[in-house]
Amino acid sequence: MAAEEVLQTVDHYKAEIERLTKELTETTHEKIQAAEYGLVVLEEKLTLKQQYDELEAEYDSLKQELEQLKEQTCVTVPWKKVESSVGEN
């Protein structure tokens, strides 16, 4: 009977090793998938940040251009008013 108990114990440990090996493989696979997903998210975040920076630079450029046009209009408009009022007389 002692031999049978040893064999049962060995079989039990073999089954436990197989179960733990399978669980480790699954867990490792899940961690790899999570890491890959994390990398995709980081890449997408970087892309969005670059797009944001480009749009912000374009916004600043257009805002500056608008201010320049406003300044030019303020200088040009009074002259036109003077010219049109002179033409009315």
### Query
Counting pairs on different chains as well as pairs 8 or more places apart, how many Lys pairs in region 16-65 have Cα atoms under 29 Å apart?
5
### Task
Of the options 33, 52, 17, report the single residue whose Cα projects farthest towards the positive end of the charge dipole of region 16-65 (beta-carbon charges: Lys, Arg +1; Asp, Glu -1).
17
### Heavy atoms of residue 32: accessible area, 1.4 Å probe, square angstrom to 10
90 Å²
### Query
Counting only protein heavy atoms, what percent of the accessible surface of region 15-61 is carbon or sulfur at a 1.4 Å probe?
61 percent
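The values are calculated or read from the model by the stated rules, or taken from the named source; none is laboratory data. Keep in mind that what you see is a predicted model, and the values were worked out from it rather than measured. In this analysis, Cβ positions are derived from the backbone assuming ideal geometry, glycine residues included, and neighbour counts consider all displayed protein chains. What goes into the accessible areas is simple: the full protein's heavy atoms, side chains included, and nothing from ligands, DNA or RNA. Shrake-Rupley method; radii C 1.70, N 1.55, O 1.52, S 1.80 Å.
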